[in-house]
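The values are calculated or read from the model by the stated rules, or taken from the named source; none is laboratory data. Keep in mind it's a predicted model, so treat the numbers as computed, not measured. Cβ placement follows ideal geometry from the backbone for every residue including glycine, while neighbour counts extend to all protein chains displayed. For the accessible areas, the whole protein counts, side chains as well, though only heavy atoms, and no ligand, DNA or RNA atoms are used. Shrake-Rupley method; radii C 1.70, N 1.55, O 1.52, S 1.80 Å.
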Amino acid sequence: MTRRISKLVPVLAVSTGLVAPAALACTSMLVTKGATSDGSTFMTYAADAHELYGELYYTPARRHAAGALRDIIEWDTGRFLGRIPQPAATWSVVGNMNEHQLSIGESTFTGRKELEGPAGLIDYGSLIYIALERAKTAREAIKVMTDLVAEHGYASTGESFSIADPNEAWILEMIGKGAGKKGAVWVARRLPEGYISAHANQSRIGQFPLNDPQNTLYSKDVISFAREKGWFTGADKDFSFADTYHPFDFESMRFAEARVWSIFRRAAPSSKLGAEYVDGSVPGKRLPLWVKPDRKVSVQDTMALMRDHFEGTPLDMTKDVGAGPYAVPYRWRPMTWEVDGKKYLHERAISTQQTGFSFVAQMRSELPAPIGGVLWFGVDDTFTTVYTPMYAGIRRAPGNFAQGVASRGEFSWDSSFWVFNWVSNQAYARWSDMIVDVQRTQGELEGQFLAAQPEIEQVAKELHKSSPERARDYLTEYSVKQSETVHTRWRKLGEQLLVKYIDGNVRDEQGKVNHPKYPESWYRHIVKDTGARLVIPEAPKLEPKPEPLPASKPTVAPAP
């Protein structure tokens, strides 16, 4: 990650520019409070990019002098775009959740090539963090974000934003107007209570109600702009944002919608959404924008939904020869390749090796905001991370997650990003065996956090009654301590894996070194690929030698 300093004029403040996720790179899910087992709203985000260093951003609340300006640093490139006026005050933000529990995530869908390169000042990453600094609710965030691009212009390609607070969950989709054009067209839809939704680098809002401002908001020119471009000629009621601004194709279904499908199929198996929705075999099939889960979803369920390689489906990444002998559900890039003039692909799952950071945001209306908001934060691959509770009211980021500890090009044992990558990259070599050890430790840590949550929050509530500041201090120390526990335990796990599996051996619990065979299926692959080259010839059978006849004794003539 590239670390930069942003200046406010005349008030100085610190923010961070970073290499943000690239195309086909992120996954986000929303769960309404009516769909959860405890009445929380959940929102998830996996920020995936091969150059993204995973760390926990923290911005304290501030008051700003009249005339103060905020630098706009493009999230993808670190490029300075300009400055905008600051409001009188901004909220504290930990990761992608602010002190009021408002949480925002995203995925890039890019959209029509004709709409790239708009003349704008504010990129999608800056929109996220400015909205978190300025808004209290999801509706306010949508207004902040859309007002900003209307006034200052939008500087990115197509984006889907997840925007949630303790009471509502929204998807906002936005795209610029093309080279030299200011502003953006957009539409936002509120999830109905009791439902979940997701997006993963494909625009998903199709047709939408035109007269339902309680649940649907949109730019006044979202349809007329498409008409001007000649992309839509039908009745307004038939207009589809996704079909117009990011038409579906095979790759968007297989690489992007497949991840949404894998969330929906597990959360709502009764919907019977088969692989034909995303494998390209039936191009006209479309997933619904949201589904009702078969049962109420817990925070632990939500973590599990973000851990997936299409296991048990026709797209299962553990099954083909690319998985190797140890069923590794990962494929190194590039995503597509050619053999003998024919194009092929690797599947793109939710869990992927290039995740910088991910989180499950838990938001609860019945608790004071500093306590009700929990950012369950993890670094590296969602399948092997440990989601650690970072409360909305904390005053600093833990050292092992903090900005500037290391970078994508600089290793440090003090960085959880690097410690987790060390463990996961060991596991990728012998997945089917090592993931058992990894998940055992992961489950122990996350289980402890979830079990302790009611007690920790009860203490914080009692403190909050007399002193909200003492409650925030308490939660800060708790969050920092848990992150340090995870960091220490994960480094120990890495050491244990190295000792247990060194040089292809497997050391059992008694310390005895064993040499387990490859799976039978892998031996058959070897035989198929090598033919007779590795065959051990049978030893020639030797004919048994005939037994020698016993020597005959000389006949002694009888005496005369």
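Taking segment 268-297 as the range and being in contact with an Asp or Glu (Cβ under 7 Å, 6 or more places away or on another chain) and farther than 14 Å from Met253 by Cβ as the test, the residues that pass are Ala268, Pro269, Ser270. Each residue in segment 382-432 was checked for being on the phi > 0 side of the Ramachandran plot and outside any loop (DSSP other than H, G, I, E, B), and 0 of them qualify.
I'm checking my understanding of the structure. Among residues of segment 320-345 that are in contact with a helix residue (DSSP H, G or I) (Cβ under 9 Å, 6 or more places away or on another chain) and farther than 16 Å from Trp431 by Cβ, which one is most open to solvent (accessible area, probe 1.4 Å)?
Per the stated criteria, the residue is Thr336.
Yes or no, residue by residue, for (1) surrounded by 14 or more Cβ atoms within 10 Å (Cβ to Cβ); (2) in contact with a Leu (Cβ under 7 Å, 6 or more places away or on another chain); (3) touching a residue at least 12 places away in the same chain (Cβ under 8 Å); (4) of a type in the set (A, V, I, L, M, F, W, C):
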position	(1), (2), (3), (4)
Phe420	yes, no, yes, yes
Val423	yes, yes, yes, yes
Ala429	yes, no, yes, yes
Asp437	yes, yes, yes, no
Glu446	yes, no, yes, no
Ala451	no, no, no, yes
Glu455	no, no, no, no
Leu463	yes, no, no, yes
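Close Cβ contacts (under 6 Å, 6 or more residues apart or on different chains) running from residues in segment 119-131 that are over 17 Å from Cys26 (Cα atoms) and touching a residue at least 40 places away in the same chain (Cβ under 8 Å) to residues that are assigned to a strand (DSSP E or B) and open to solvent by 30 Å² or more (accessible area, probe 1.4 Å) comprise Leu121/Leu81. The residues listed here are Val222, Val260; of these, the one that is closer than 20 Å to Phe109 by Cα, open to solvent by less than 10 Å² (accessible area, probe 1.4 Å), in a helix (DSSP H, G or I) and touching a strand residue (DSSP E or B) at 6+ places or on another chain (Cβ under 9 Å) is Val260. Of all residues in segment 68-88, those being assigned to a loop (DSSP other than H, G, I, E, B) and either open to solvent by 60 Å² or more (accessible area, probe 1.4 Å) or under 25 Å from Asp380 (Cα atoms) (or both) number 7.
Restricting segment 470-480 to residues that are more than 14 Å from Val386 (Cα to Cα) and out of contact with any helix residue (DSSP H, G or I) (no Cβ under 9 Å at 6 or more places or on another chain), the residue that is most open to solvent (accessible area, probe 1.4 Å) is Glu477.
The set of residues from segment 225-237 being within 21 Å of Arg189 (Cα to Cα), open to solvent by less than 50 Å² (accessible area, probe 1.4 Å) and not hydrophobic (A, V, I, L, M, F, W, C) is empty. Take the residues in segment 102-145 that are open to solvent by 10 Å² or more (accessible area, probe 1.4 Å) and β-branched (Val, Ile, Thr); name whichever of them is farthest from the chain's Cα centre (by Cα). The residue in question is Val144. Scanning segment 299-317 for residues that are open to solvent by 30 Å² or more (accessible area, probe 1.4 Å) and within 30 Å of Gly447 (Cα to Cα) yields Gln300, Asp301, Ala304, Arg307, Glu311, Gly312. Residue pairs whose Cβ atoms lie under 9 Å apart, separated by 6 or more positions or on different chains, with the first residue in segment 53-75 and on the phi < 0 side of the Ramachandran plot and without any contact (Cβ under 8 Å) to a residue 40 or more places away in the chain and the second in a loop (DSSP other than H, G, I, E, B) and among the hydroxyl-bearing types (Ser, Thr, Tyr), are Ala61/Ser92. Here Lys177, Lys181 are screened, and the one residue that is at pLDDT below 95, more than 26 Å from Pro468 (Cα to Cα), touching a strand residue (DSSP E or B) at 6+ places or on another chain (Cβ under 7 Å) and open to solvent by 30 Å² or more (accessible area, probe 1.4 Å) is Lys181.
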